[in-house]
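Enquirer: My structure is below; once you've seen it, I'll send some questions.
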Amino acid sequence: RSVIEGMGYELTAVEEEADLIGVVACSVRQKAIDKVYNKVQKWNRWKAKRPLLTFVSGCILPADEIKFLKLFDLVFRMNELPELPALVRQCGVSTSIPSVLSDLERNDERTDFWQVEPTYTSPYEAFVPIQNGCNKFCTYCAVPYTRGREVSRASGDILSEVRKLIEKGVRLITLLGQNVNSYGLDKKGEECSFAELLQKIGELGKASGQDFWLYFTSPHPRDMTREVIEVVSRYGCLAKQIHLPVQSGDDEVLRRMNRNYTVDRYKEIVADIRELLPTATLFTDIIVGFSGETDEQLDSSAKLMEEVGFNMAYIAKYSPRAGAKAAEWPDDVSPQKKSERLAKLSTILKRTSLAHNEQMVGKSCRVFVERADPRMEGALASRTEGRLPVRILQASEELIGTFQDVEIVSAAELSLTGRLQGSTLE
Ligand code: 5AD
Ligand code: SF4
């Protein structure tokens, strides 16, 4: 948005009015890519009636990239973003022949796109990229083929961006990367480790005297050291919430997924988190219906979910991705079975998160107020440090953007209801 606005374009909420339409694609599952194909076909019909420029970027598998070249005016990789103005200018004066930087050698090392200052959509919340790409090659995953190899952003740049955000009064900051805790490993000793980066941010937060919560997503269990958890425990601004994708609760499935850890190792990390961060909430990602997954193997995932008691789990049905190793194996769990397995795990999630939330009833907790509650007049939508949604009853919209102490009055499966501390509301 900031690059496009820098070219003089203005944002419109009405797609039909746009002169330039772009898609930032996600290739993690086929469904999202199917949507892109449907959209661009519609836009290409509009082009018969009026001038319109279209582009696509983001995460695109090589096979889709070739097809997109015929459907979009511009195709570029996200790290080529600084070239977008030049590409658009070129399109305007010449022909409608697709213009594409990606014809050039793929250059994962190019990192000047990180210098683009983002347009923040919220005054309270911001996302800070710290690394891009992945070297892990999980057999189901598109990311190593769409984003290339791991490249860490310079820690000095990350720290100065975080410092600026804190000074501006941003309250929720999330460090982003495909593998945040392998941060620095690609720089072979010339860059700090992820634990050290967190520590530096912790010190920055302490010195600033400002209240904010800093999150990171996602770490990989393989690189999840005790040191990272220790650093989080030491600083108030490092939020006590860990999102640690497990993907499966079965050792054989984990092996075929090339995850490089066992269920026992995952449980050890969970034990470290419970010991060092006793108040932390735990989120995960799980895939159901991976190639060859048996009913018994799904039961292992169910058992792990019961044991760990996640507060949130993003459960996905396996979707074969062209180029990833597992795409060569049969997608042999039927769509119906995948749905059943997803429902089974989702029932467990609801039960364990409800049990956790019920324990919070009657207790006081700190929340950050995000917006007016879209589903209840006079109520506010907020979140705990552990990212659990809390509806605050009968509270003024003036509190949006502030931290508040609330008393939890009731619990639901994936959310809570509270009232402002000191309020006499019944
Ligand atoms: N099919 C289904 N889910 C997937 N994910 C990644 N690749 C696939 C796939 N091919 C899920 C994983 C990952 C999350 C971002 O998306 O659970 O953690
Ligand atoms: Fe994909 Fe695995 Fe890399 Fe995560 S670690 S981005 S799941 S290949």
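Enquirer: Looking at the structure I just gave you, is V56 touching a residue at least 40 places away in the same chain (Cβ under 8 Å), within 30 Å of I315 (Cα to Cα) and outside any helix (DSSP H, G or I)?
Expert: Here the answer is no, as V56 does not meet what is asked.
Enquirer: Of all residues in segment 103-124 being surrounded by fewer than 17 Cβ atoms within 10 Å (Cβ to Cβ) and outside any loop (DSSP other than H, G, I, E, B), which is modelled with the lowest pLDDT?
Expert: Among those that are surrounded by fewer than 17 Cβ atoms within 10 Å (Cβ to Cβ) and outside any loop (DSSP other than H, G, I, E, B), it is D103.
Enquirer: Just to be sure I understand, how many residues within segment 291-305 are over 13 Å from V246 (Cβ atoms) and not in a loop (DSSP other than H, G, I, E, B)?
Expert: 5
Enquirer: Next question. What are the pairs, 6+ residues apart or on separate chains, where a residue within segment 14-31 that is in a helix (DSSP H, G or I) has its Cβ under 8 Å from a residue that is open to solvent by less than 30 Å² (accessible area, probe 1.4 Å) and among the β-branched types (V, I, T)?
Expert: The qualifying pairs are E15/I21.
Enquirer: Scan segment 236-267 for residues that are open to solvent by 50 Å² or more (accessible area, probe 1.4 Å), closer than 27 Å to T174 by Cα and without any contact (Cβ under 8 Å) to a residue 60 or more places away in the chain and jot them down.
Expert: G236, R265, K267
Enquirer: Could you grab me the full set of residues in segment 5-22 that are open to solvent by less than 60 Å² (accessible area, probe 1.4 Å), over 18 Å from L81 (Cα atoms) and among the small types (G, A, S)?
Expert: Passing the criteria: only A18.
Enquirer: Here is a follow-up. Mind checking which pairs have a first residue in segment 132-159 that is on the phi > 0 side of the Ramachandran plot and a second that is open to solvent by 10 Å² or more (accessible area, probe 1.4 Å) and away from ligand 2 (no atom under 15 Å from the Cβ), Cβ under 8 Å, 6 or more apart or different chains?
Expert: Taking only residues 6 or more apart or on different chains, the pairs are G148/R106.
Enquirer: When you scan segment 372-418, how many residues do you find that are over 30 Å from I348 (Cβ atoms) and surrounded by fewer than 20 Cβ atoms within 10 Å (Cβ to Cβ)?
Expert: 14
Enquirer: Here's something else I'd like to know. I'd like to check something: does segment 307-315 contain any residue that is more than 16 Å from ligand 1 (Cβ to nearest atom) and surrounded by fewer than 17 Cβ atoms within 10 Å (Cβ to Cβ)?
Expert: yes
Enquirer: To continue, here is another question. I'm trying to understand the selection: among the residues of segment 118-149, which are among the charged types (D, E, K, R) and more than 16 Å from ligand 1 (Cβ to nearest atom)?
Expert: Step one: list which residues in segment 118-149 are among the charged types (D, E, K, R), which gives 125, 136, 147, 149.
Selection gives E125, R149.
Enquirer: If I166 satisfies all but one of (1) within 18 Å of S218 (Cβ to Cβ); (2) modelled with pLDDT of 95 or more; (3) open to solvent by less than 50 Å² (accessible area, probe 1.4 Å), what's the number of the condition it fails?
Expert: Condition not satisfied by I166: (1).
Enquirer: Here are some residues: D157, D112, D108. Which one is over 27 Å from C237 (Cβ atoms) and away from ligand 2 (no atom under 16 Å from the Cβ)?
Expert: Residue meeting the stated conditions: D112.
Enquirer: Can you name the residue in segment 349-387 that is of a type in the set (A, V, I, L, M, F, W, C) and assigned to a loop (DSSP other than H, G, I, E, B) and, of all such residues, is nearest to A126 (Cα to Cα)?
Expert: A379
Enquirer: For D34, only one of the following conditions fails: (1) without any contact (Cβ under 8 Å) to a residue 12 or more places away in the chain; (2) open to solvent by less than 20 Å² (accessible area, probe 1.4 Å). What is its number?
Expert: For D34, the exception is condition (2).
Enquirer: Continuing with the same structure: Do you know which residues across segment 223-258 are under 18 Å from the mean Cα position of the chain (by Cα), among the aliphatic types (A, V, I, L, M) and over 19 Å from K206 (Cβ atoms)?
Expert: Result: M224, I242, L244, V246.
Enquirer: Let me ask another. Please specify each residue of segment 362-371 satisfying the condition of being under 23 Å from the mean Cα position of the chain (by Cα) and open to solvent by 10 Å² or more (accessible area, probe 1.4 Å).
Expert: Answer for segment 362-371, where residues must be under 23 Å from the mean Cα position of the chain (by Cα) and open to solvent by 10 Å² or more (accessible area, probe 1.4 Å): E370, R371.
Enquirer: When segment 169-203 is examined, which residues are found to be closer than 20 Å to R147 by Cβ, among the hydrophobic types (A, V, I, L, M, F, W, C) and surrounded by fewer than 21 Cβ atoms within 10 Å (Cβ to Cβ)?
Expert: Of everything in segment 169-203, those that are closer than 20 Å to R147 by Cβ, among the hydrophobic types (A, V, I, L, M, F, W, C) and surrounded by fewer than 21 Cβ atoms within 10 Å (Cβ to Cβ) turn out to be L176, L185.
Yes or no, residue by residue, for (1) closer than 16 Å to Q131 by Cβ; (2) in contact with a Phe, Trp or Tyr (Cβ under 7 Å, 6 or more places away or on another chain); (3) in contact (Cβ under 8 Å) with a residue 60 or more places away in the chain:
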site: E167; (1), (2), (3): no, no, no
site: R171; (1), (2), (3): no, yes, yes
site: A195; (1), (2), (3): yes, no, no
site: Q199; (1), (2), (3): no, no, no
site: L204; (1), (2), (3): no, no, no
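Enquirer: When the residues of segment 302-331 are filtered to those that are more than 16 Å from ligand 2 (Cβ to nearest atom) and either small (G, A, S) or on the phi > 0 side of the Ramachandran plot (or both), which remaining residue is farthest from the chain's Cα centre (by Cα)?
Expert: Among those residues, the one meeting the criterion is A302.
Enquirer: While we're on this one: Filter segment 205-219 down to the residues that are more than 22 Å from D285 (Cα to Cα) and open to solvent by 30 Å² or more (accessible area, probe 1.4 Å) and list them by number.
Expert: Passing the criteria: K206, A207, S208, G209, Q210, D211.
The values are calculated or read from the model by the stated rules, or taken from the named source; none is laboratory data. Because the structure is predicted, anything quoted here is derived from the model rather than measured. Every residue, glycine among them, receives a Cβ derived from its backbone with ideal geometry; neighbour counts consider all protein chains shown. Just so you know, the surface numbers come from the protein's heavy atoms only, side chains and all, with ligands and any DNA or RNA stripped out. Shrake-Rupley method; radii C 1.70, N 1.55, O 1.52, S 1.80 Å.
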